[in-house]
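Data first, discussion second: the structure below is written as structure tokens.
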Amino acid sequence: MQSQSSASSIPPSALQALAGSLSLDQLRALDGFFAASQDCVKLLTSDGVILNINPPGLDLLELEETQDVIGQSWWSIWPDSAHAAMQDAVGCGAKGASMRFQALRETRRGNDRKWDVSLSPIFDTGGSVAALLVVSQDITANLSGAPKT
């Protein structure tokens, strides 16, 4: 996408990966969602490689830089015990199905968190899955009654 503004929440490499598949309106809506959400939002390729993570997502996972996760498989940032479930979710998303589940994951600094995770396919203008959108909400405080850290 050549005319995207420099204020985009999605990096140029991710935009280039999707530019041929998604309409300009779809890209703008996706960019707006990344900028507005306070949850951990990740954009994945249809085979599960992380293209982008929003700034609140970095904070929630206690990561320093987007480069800590960009280019990695989504399941690689989860504990080994969750890899099969994450791979299954990506497989379902790649076939056009949405998934929702809860999972435990430790942050980079070792803080245990419980997540409500939604994975949804993003369809291109031809109806094929172009990418996957993952929204992870930290629900730890809802379960324990304790404030989030």
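See the values below:
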item	result
Some residue of the stretch 94-112 being buried (at least 17 other Cβ atoms within 10 Å of the Cβ), out of contact with any helix residue (DSSP H, G or I) (no Cβ under 7 Å at 6 or more places or on another chain), closer than 19 Å to Leu58 by Cα and of a type in the set (S, T, N, Q)	no
Looking only at the stretch 52-68, and only at residues there that are surrounded by fewer than 22 Cβ atoms within 10 Å (Cβ to Cβ) and touching a helix residue (DSSP H, G or I) at 6+ places or on another chain (Cβ under 7 Å), the one that is nearest to Ile139 (Cα to Cα)	Leu58
Residue that is nearest to Phe33 (Cα to Cα), among those in the stretch 87-128 that are modelled with pLDDT under 95 and of a type in the set (Lys, Arg)	Arg100
Residues that are over 13 Å from Val134 (Cα atoms) and of a type outside the set (Ser, Thr, Tyr), drawn from the stretch 61-76	Leu61, Glu62, Leu63, Glu64, Glu65, Gln67, Asp68, Val69, Ile70, Gly71, Gln72
Residue list for the stretch 32-53, filter: assigned to a helix (DSSP H, G or I) and within 16 Å of Leu132 (Cβ to Cβ)	Phe33, Phe34
Tabulated pairs, the stretch 93-109, first at positive phi, second part of a strand (DSSP E or B) and surrounded by 13 or more Cβ atoms within 10 Å (Cβ to Cβ), C-beta under 8 angstrom, 6+ apart or interchain	Gly96/Pro121; Gly96/Phe123; Gly96/Val129
Among (1) touching a residue at least 12 places away in the same chain (Cβ under 8 Å); (2) within 23 Å of Phe34 (Cβ to Cβ); (3) of a type in the set (S, T, N, Q) - the single one Ser76 does not satisfy	(1)
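The values are calculated or read from the model by the stated rules, or taken from the named source; none is laboratory data. The model shown is predicted, which means the values in this text are computed figures rather than measured ones. With ideal geometry, Cβ positions are generated from the backbone for all residues, glycine too; neighbour counts draw on all protein chains shown.
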